[in-house]
């Protein structure tokens, strides 16, 4: 009698489990990177001060920085 040449059910189950593990690991890594990026792009954690506009930075002889602030105070200035 000739054996079947297709994929066995065990191979399909193992492949499915490996794909599920890969998806979970990718989700965890992505979630960790998002939290890391949020902390590194924050104005206050980078030594800045959030003000209402870039003009406020310049009027106070401060350098504008390219970090994120809340919407109420959208501009980031370097604290002297």
- [ ] Please list, ordered by first then second residue, the pairs with beta carbon atoms under 8 Å, 6 or more apart or interchain, first in the range 47-66 and on the phi > 0 side of the Ramachandran plot, second in a loop (DSSP other than H, G, I, E, B).
- [x] 47/79; 61/80
- [ ] Would you check if residue 3 is surrounded by 11 or more Cβ atoms within 10 Å (Cβ to Cβ) and either modelled with pLDDT under 80 or in a loop (DSSP other than H, G, I, E, B) (or both)?
- [x] no
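The values are calculated or read from the model by the stated rules, or taken from the named source; none is laboratory data. Note that the coordinates shown come from a computational prediction; the quantities given were computed from them, not determined experimentally. Note that we place each Cβ from the backbone using ideal geometry, even for glycine, and neighbour counts take in every protein chain shown.
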